[in-house]
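Chemist: Here you go, one structure.
The values are calculated or read from the model by the stated rules, or taken from the named source; none is laboratory data. Note that the structure is a prediction, hence the values are computed from the model and not measured. Counting neighbours? That spans all protein chains shown, and the Cβs are built from the backbone with ideal geometry, glycine included.
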Amino acid sequence: MPLWPVAAQEFDNAAMLPTHPLPEHPSIILATLNAKYIHASLGLRYLLANMGDLKPQTLLREFTIARPPQAVVDELLVALGECREGAVQVIGFGVYIWNVTQTCEVVRLLKEQRPAVKVVLGGPEVSHEVDEQAIVQLADHVITGWGDVSFPKLCRALLIGPRPLMKVMAGEQPPLDQIALPYAEYTDADLAHRLLYVEASRGCPFKCEFCLSSLDKTAIAFDLEAFLAQMQSLFDRGARNFKFVDRTFNLKIDASVRILQFFLDRLSPDLFVHFEVIPDHLPERLKAMIAQFPPGVLQFEVGIQSFNVEVQQRISRKQDNAKTEANLAWLVNESNAHLHTDLIFGLPGESMASFALGFDRLHALKPHEIQLGILKRLRGTPIARHTEPFQMVFDPAPPYTVLQTGAVDAVTLQRFTRLARYWELVANSGRFKRTLDLLLHTPAPQAGSQDAPVEASPFNAFLSFSDWLWQTTGKTSGLSPEMLVDALFDYLCTQPGLSAAAVQQTLLADYVASGARANPTALKGLLPRRLAPLTPSHRSLAARQEMHLQAPS
């Protein structure tokens, strides 16, 4: 797994929150552009922690992709200051599918305005198919793969010599005990305002072909005592939100239990810990530990991706579906963990009907969230081998989303894309728990007929609503909770023909529970008077999880 920025951003107004202190004469800047400020970059901090004698002249700068490229360049050049004669200045960029377009423009402007600056690229987007990328052509050097050791070495060669001859260099993968841990590089502002990424291990032993981790040989763990000591230091400094990026947190149960015990011993009202878990591997010892956590602390991301056995085999995904279902049922019914489950649409050979069966199967287990993703062809992943046999067409621009396959035409993929967006707003938001249950268990009318409902199915029911909402509004963004209340009321009353009073009462209960304070048309005259302002959540980073924790009355 390439260790460049996982996710790191900066407020558009840099004065709003301090970042790392500016060295007097920085020669090196570590930078990236990301989607949101809230995520602090683990990768940048690994690089900073491993700069050795170059660390005093190294600066860390994080931006958002919403920042105008020229504004990013201006800030970087101000940070570097004037280039002294004979001096070398280096800027290293972490490049991902979500920022490559914007970063390419930043690099282009940077090289136009200060050609002497040495631009070094790293990250998964530039670790594969490098000859095909415009951003690579603009840069001076590219490090593919791991950057912890290789980036400092390259900087030392650029600043001190001998100058490197190669443009593209394979990153060195040292033993983990030779890599300095990055957690001291999180600032107090990071701890107070951002979700912190941490990792107890790197790599993945599985070979799912849509994932870059399929290129790893195995998973390797950091020294557990050293890692937990760093977690203790973060906790002592006030950190309460931890997102583990390990691909297989529950692969080694001894380590998993130790880490969970660490957090169980430090329970506090604002503690929040996120893990990515293997769905079919949940031994009793791990269950016993999970069961001890109260609500609101643990979140598990569980990648299901597909229940279709043929598709699983086709993409080299090993998953015991029966064990997966049993473990999910246990987590839902016997634990307080918040479950964020994933499905991927557009896998080779999977049709809409096949996906619908998998969705219904997963929905029946009642996870808190079902994330509906669409297949992307990440550079370097083996999924590309299915392109011709399964007539897969991918968008040539980032994030390389599949546009159609032999089993799913372009119109159907567009239809699903809208459904996924509406599902996020209605279901995953947690705002419509009671109404969603009503919607998904009401037979959907067949297109063009009020008399012939399609087969009872949560997926088909939501698809019918999604089609209606698109035809009615023509929008997939800018839909406020109040607009959705009115849309759900209109749909449930006019399409399945449910009682207006019953629908109103269901929507009313959801709207009041959500804490919203406006006045949807469908609920006029029904909302209770609320004079006192709502108390903001003390756990704003886990606000959506809190919505799901509210049990319907």
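Chemist: Select from the range 303-321 the residues that are more than 15 Å from residue 343 (Cβ to Cβ) and either outside the structural domain of residue 208 (by TED's automatic domain parsing) or buried (at least 18 other Cβ atoms within 10 Å of the Cβ) (or both) and list them in ascending order.
Modeler: 314
Chemist: Does residue 235 meet the test of being surrounded by 15 or more Cβ atoms within 10 Å (Cβ to Cβ), at negative phi and not assigned by TED's automatic domain parsing to the domain that holds residue 290?
Modeler: Details: surrounded by 15 or more Cβ atoms within 10 Å (Cβ to Cβ): yes; at negative phi: yes; not assigned by TED's automatic domain parsing to the domain that holds residue 290: no.
It is false that residue 235 is surrounded by 15 or more Cβ atoms within 10 Å (Cβ to Cβ), at negative phi and not assigned by TED's automatic domain parsing to the domain that holds residue 290.
Chemist: Next question, about the same structure. If only one of 295, 279 is touching a strand residue (DSSP E or B) at 6+ places or on another chain (Cβ under 7 Å), touching a residue at least 24 places away in the same chain (Cβ under 8 Å) and not in a strand (DSSP E or B), which one is it? I'd like the intermediate steps shown before the answer.
Modeler: Working: 295 fails: touching a strand residue (DSSP E or B) at 6+ places or on another chain (Cβ under 7 Å).
When all the criteria are applied, what remains is 279.
Chemist: Regarding residue 219, is this residue of a type in the set (A, V, I, L, M, F, W, C), more than 20 Å from residue 186 (Cβ to Cβ), over 23 Å from the mean Cα position of the chain (by Cα) and surrounded by 18 or more Cβ atoms within 10 Å (Cβ to Cβ)? Don't jump to the end; show me each part of the working.
Modeler: Values: of a type in the set (A, V, I, L, M, F, W, C): yes; more than 20 Å from residue 186 (Cβ to Cβ): yes; over 23 Å from the mean Cα position of the chain (by Cα): no; surrounded by 18 or more Cβ atoms within 10 Å (Cβ to Cβ): yes.
No; evaluated as a whole, the condition is false for this residue.
Chemist: Being assigned by TED's automatic domain parsing to the domain that holds residue 152, over 22 Å from residue 151 (Cβ atoms) and either of a type outside the set (Asp, Glu) or not in a loop (DSSP other than H, G, I, E, B) (or both) narrows it down to one of 66, 79, so name that one.
Modeler: Working: 79 fails: over 22 Å from residue 151 (Cβ atoms).
Of the residues listed, the single one that is assigned by TED's automatic domain parsing to the domain that holds residue 152, over 22 Å from residue 151 (Cβ atoms) and either of a type outside the set (Asp, Glu) or not in a loop (DSSP other than H, G, I, E, B) (or both) is 66.
Chemist: For residue 122, only one of the following conditions fails: (1) modelled with pLDDT of 95 or more; (2) more than 30 Å from residue 344 (Cβ to Cβ). What is its number?
Modeler: Every condition holds for residue 122 apart from (2).
Chemist: For the range 385-409, give me each residue that is part of a helix (DSSP H, G or I) and either surrounded by 17 or more Cβ atoms within 10 Å (Cβ to Cβ) or in contact with a Cys (Cβ under 6 Å, 6 or more places away or on another chain) (or both).
Modeler: Residues of the range 385-409 part of a helix (DSSP H, G or I): 385-386.
Listed by number, the list holds a single entry, 386.
Chemist: Say whether the condition of being touching a Cys at 6+ places or on another chain (Cβ under 8 Å) and over 21 Å from residue 170 (Cβ atoms) is met by at least one residue in the range 116-126.
Modeler: yes
Chemist: Something else about it: Determine the pairs where a residue that is modelled with pLDDT of 95 or more, located within the range 94-106, has a partner that is charged (D, E, K, R) and crowded, with 24+ Cβ neighbours inside 10 Å with Cβ atoms under 7 Å apart, the partner being 6 or more residues away or on another chain.
Modeler: 95/125; 100/125
Chemist: Please determine, by comparing only the residues of the range 355-380 that are in contact with an Asp or Glu (Cβ under 8 Å, 6 or more places away or on another chain) and assigned to a loop (DSSP other than H, G, I, E, B), which one is nearest to residue 299 (Cα to Cα).
Modeler: The selected residue is 365.
Chemist: For the range 181-196, which positions are within 16 Å of residue 41 (Cβ to Cβ) and either of a type in the set (A, V, I, L, M) or assigned by TED's automatic domain parsing to the domain that holds residue 379 (or both)?
Modeler: 181, 184, 189, 191, 195, 196 - these are the residues of the range 181-196 that are within 16 Å of residue 41 (Cβ to Cβ) and either of a type in the set (A, V, I, L, M) or assigned by TED's automatic domain parsing to the domain that holds residue 379 (or both).
Chemist: Out of the residues in the range 430-447 meeting the condition of being surrounded by 19 or more Cβ atoms within 10 Å (Cβ to Cβ) and touching a residue at least 60 places away in the same chain (Cβ under 8 Å), tell me which one is nearest to residue 465 (Cα to Cα).
Modeler: Once the filter is applied, the top-ranked residue is 440.
Chemist: Could you check the range 28-62 and list, in sequence order, the residues that are of a type outside the set (A, V, I, L, M, F, W, C) and crowded, with 21+ Cβ neighbours inside 10 Å?
Modeler: Within the range 28-62, the first condition is being of a type outside the set (A, V, I, L, M, F, W, C), and the residues that meet it are 32, 34, 36-37, 39, 41, 43, 45-46, 50, 52-53, 55-58, 61-62.
Correct list: 32, 34, 41, 43, 45, 46, 50, 58, 61, 62.
Chemist: In the range 337-354, what residues are in contact (Cβ under 8 Å) with a residue 40 or more places away in the chain and either over 22 Å from the mean Cα position of the chain (by Cα) or part of a helix (DSSP H, G or I) (or both)?
Modeler: Listed by number, the residues that qualify are 348, 349, 350, 351, 352, 354.
Chemist: Quick one: residue 142 ticks every box in (1) at pLDDT 95 or above; (2) outside any strand (DSSP E or B) except a single one, so which number is it?
Modeler: For residue 142, the exception is condition (2).
Chemist: Quick check: anything in the range 299-313 touching a residue at least 60 places away in the same chain (Cβ under 8 Å), assigned to a loop (DSSP other than H, G, I, E, B) and within 24 Å of the chain's Cα centre (by Cα)?
Modeler: no
Conditions tested, residue by residue: (1) buried (at least 19 other Cβ atoms within 10 Å of the Cβ); (2) more than 22 Å from the chain's Cα centre (by Cα).
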position: 148; (1), (2): yes, yes
position: 176; (1), (2): no, yes
position: 182; (1), (2): yes, no
position: 194; (1), (2): yes, no
position: 230; (1), (2): no, yes
position: 245; (1), (2): yes, no
position: 254; (1), (2): no, yes
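Chemist: Ok, one more. Which of (1) outside any loop (DSSP other than H, G, I, E, B); (2) of a type in the set (Lys, Arg); (3) crowded, with 18+ Cβ neighbours inside 10 Å does residue 287 not meet, given it meets every other one?
Modeler: For residue 287, the exception is condition (3).
Chemist: Specify which of the listed residues (448, 380, 373, 358) is modelled with pLDDT under 95 and not assigned by TED's automatic domain parsing to the domain that holds residue 488.
Modeler: Details: 448 fails: not assigned by TED's automatic domain parsing to the domain that holds residue 488; 373 fails: modelled with pLDDT under 95; 358 fails: modelled with pLDDT under 95.
One residue alone meets the criteria, 380.
Chemist: Here's a follow-up. Among the residues of the range 97-110, are any surrounded by fewer than 23 Cβ atoms within 10 Å (Cβ to Cβ), outside any helix (DSSP H, G or I), not assigned by TED's automatic domain parsing to the domain that holds residue 397 and not polar (S, T, N, Q)?
Modeler: Within the range 97-110 (the criterion being surrounded by fewer than 23 Cβ atoms within 10 Å (Cβ to Cβ), outside any helix (DSSP H, G or I), not assigned by TED's automatic domain parsing to the domain that holds residue 397 and not polar (S, T, N, Q)), the answer is yes, since at least one residue qualifies.
Chemist: Looking only at the range 189-201, filter to residues that are at pLDDT below 95 and among the charged types (D, E, K, R); which one of those is nearest to residue 148 (Cα to Cα)? Reasoning before the result, please.
Modeler: From the range 189-201, those at pLDDT below 95 are 189-196; that's our starting set.
Within this subset, residues satisfying the condition of being among the charged types (D, E, K, R) are 190, 194.
Numbers: 190: 21, 194: 23 Å.
So, considering only residues that are at pLDDT below 95 and among the charged types (D, E, K, R), the one nearest to residue 148 (Cα to Cα) is 190.
Chemist: What number of residues within the range 476-499 satisfy the criterion of being outside any loop (DSSP other than H, G, I, E, B), more than 11 Å from residue 523 (Cα to Cα) and not β-branched (Val, Ile, Thr)?
Modeler: Going through the range 476-499, the residues outside any loop (DSSP other than H, G, I, E, B) turn out to be 481-494.
When the remaining residues are screened for being more than 11 Å from residue 523 (Cα to Cα), the result is 481, 483-484, 487-488, 490-494.
When the remaining residues are screened for being not β-branched (Val, Ile, Thr), the result is 481, 483-484, 487-488, 490-493.
Matching residues across the range 476-499 total 9.
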